[in-house]
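Heads up, the thing below is written out as structure tokens.
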Amino acid sequence: MHRRDRGTPGWGLADLPDLRGRRVVVTGADAGIGFQMSRMLAGRGATVVLACRDLPLARQAAGRIRADIAAAGRHPVADIRVQHLDLAALASVHAAAEQIRAEHPALDLLINNAGVMRPTESTTEDGFDRTLGVNYLGRFALTGLLLDRLLVSPGSRVIVLSSLAHHVGRIDPVGLAAGCPPFGPASVSGSTGRRQYPASKLAMLMFAFELQRRLAAVGASTIAVAAHPGVARTGLARELPAVMRAFMTDQMSPVMSWLIHSAQAGALAPLRAAVDPTARGGEYYGPDGLFGATGAPAFARAGRAARDRAGQRLLWAESERVTGVRYLLRPATVPPSTADLM
Ligand SMILES: NC(=O)c1ccc[n+]([C@@H]2O[C@H](COP(=O)([O-])OP(=O)(O)OC[C@H]3O[C@@H](n4cnc5c(N)ncnc54)[C@H](OP(=O)(O)O)[C@@H]3O)[C@@H](O)[C@H]2O)c1
């Protein structure tokens, strides 16, 4: 990661640039941080595709965003679209990517936001551990399937949401290669999430760094930037044990504000990663307050395991193998070979 400074202090909504003409896909956009990001991006004029597994919820979210923008008197014809996407099923990821590709010859931003923490179902449709499948493998596949649409758009970005939890995550690429479950028998006994959530967030950070290196290696202007929201009051809390959930309620927010902020505040770090013109590929943003839980977006510290290049390469190879999605990254400046011309 580039260590320039802590980033411009106090970066906030007022720093969001005009985004008219920019085409954005946000996964898990019907709630929480994804909804807030979509609202703010559309509010600056971007065309936003809300890629969600629950279409009625996605349509409701689109309606709320349109009403919000109209009420503020900004870009009253906000272009907000909905797209079905279930990251827990590779067939759905393929179908969604196909439809997005058909509608958008070029994309400027892909925000890999959707995630689960302790889902009740233990596996995905493809038999992967569910937390790992939704939070990592589904996102890996979606990004690979949309990458050519991003590559044709100068300065486009892939944004990856990670978490402070990545610091305690462990990745076992050998287990991953074995298909499912990647982290031992616990994941089939319904306890997916306890270890898998941190692991999936570590995997996403490793993915972002490896993707950035691969993009740079072929001279692409597309960059990969990671971010985490700190600790934000969102629907994710419903998956926490009751005792922890109690601290996340609105009633508790005045006393917990040093540790837990709103979904809107949590959206700022990923938003900065997405639109700050000074952001560079391979950077990682998060709140700058105590423990990185709340505060204004600044550079965040990635754990040592996240920066392990050998691990990143192994994970990448295994992810291509188990998802069947291969990233076709060719040098932009290499002239076609004779074979290509025949
Ligand atoms: N909140 C925090 O403190 C915090 C901290 C660190 C990282 N994060 C990360 O921030 C991201 C957003 O989470 P959030 O806090 O905003 O939680 P949230 O309110 O629960 O939102 C999660 C979103 O992901 C969607 N999703 C879940 N499973 C999906 C699937 N199989 N396919 C497609 N979409 C799916 C959800 O859709 P449904 O409405 O259909 O369930 C929802 O739109 C996640 O990656 C999370 O890990 C959050």
Which shape class applies to the range 12-152: rounded if a/c is under 1.5, otherwise prolate when a/b exceeds b/c and oblate if not, where a ≥ b ≥ c are the square roots of the Cα gyration tensor eigenvalues?
-> prolate
Quick note on SER153, SER221, SER163, ordering by fewest other C-beta atoms within 10 Å, gives SER221, SER153, SER163
The residues THR131, THR124, sorted from fewest to most surrounding Cβ atoms within 10 Å, come out as THR124, THR131
Where only C-alpha atoms are counted, convex hull volume of the range 17-325 per residue in Å³ = 122 Å³
Likely footprinting exposure, SER319, SER257, SER38, fewest C-beta neighbours within 10 Å first | SER257, SER319, SER38
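Tell me the volume per residue, in Å³, of the convex hull enclosing the alpha carbons of the range 74-177.
Convex hull volume per residue, Cα atoms: 154 Å³.
Just so you know, all these numbers are worked out from the coordinates, no wet-lab data involved. Computed from a prediction, not measured in an experiment: that's the story for all the values here. In this analysis, Cβ positions are derived from the backbone assuming ideal geometry, glycine residues included, and neighbour counts consider all displayed protein chains.
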